[in-house]
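Derivation of every value follows stated rules applied to the coordinates shown; laboratory data play no part. Values in this document were obtained by computation on a predicted structure and should not be read as measured data. So basically every Cβ, Gly included, is an ideal-geometry build from the backbone, and we count neighbours across all protein chains shown.
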Amino acid sequence: LYSDLEVTAYLSYMATLRNLPREKTTRRLRDVIEIAGLGGVVGRPIGQLSKGYRQRVGLAQALIHDPPILILDEPTSGLDPNQIVEIRKLIRDLGRERTIILSTHILQEVEATCTRALIISRGKLVAQGSIDELLQGGSTNGLYTVSMHGEKDCLEAAIHKLDGAAGVTLSELRRETASLEDVFRELTQ
């Protein structure tokens, strides 16, 4: 962001860089200012805005050319709790109309804003699925978690007899409900 530019001037400049036709620029500026909730700060230099409003200006400039996909890296980093709630709501609202890829290490952020997640550990994809699937131990990159009760040796022998079973990893009984943090911790150990 250019802190010395006024919000609308900055967004107009970004529209020019994105080759947005002049006849569409005015309408698109109105749209992104409304979408990002910037109406109250139009006319002010970006450098005078709070961190939350600067995040909104950044989102507005990313939306100026109406892309089908947005990639956001730590969009709530450094924001106060009220700003976090507002930005999360904005991300969920934007996600209804386009694909948003959110890169974050804050798992509460994922639970609050995402419908699907991919968990990467040490450069490898270790799990993917809806938040509910991940929390319930469902489909994770072609692997399945099955809860069974019985003697360890009998269970292992029975699973090895199943078609398509590549291997068995036995673990202690899991809790019925887990947080995404618990799932991540287990997958990345």
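Using Cα-Cα distances under 8 Å and only pairs 6 or more residues apart, what relative contact order does the stretch 18-69 have, in percent? Value for the stretch 18-69: 48 percent.
Sparse packing (at most 11 other Cβ atoms within 10 Å of the Cβ) combined with a DSSP loop state is found for the following GluC sites (Glu not before Pro) in the stretch 59-134: 97. For residue 24, the lysines whose Cα comes closer than 29 Å to its Cα, not counting residues fewer than 8 places off in the same chain, are 51, 89.
Which loop trypsin sites (Lys or Arg not before Pro) in the stretch 53-125, with loop taken from DSSP, have no more than 13 other Cβ atoms within 10 angstrom of their Cβ? Passing both the DSSP loop test and the Cβ count: 96, 98, 122. The alpha-carbon of residue 152 sits under 21 angstrom from the alpha-carbons of these lysines, leaving out residues fewer than 8 places away in its chain: 161.
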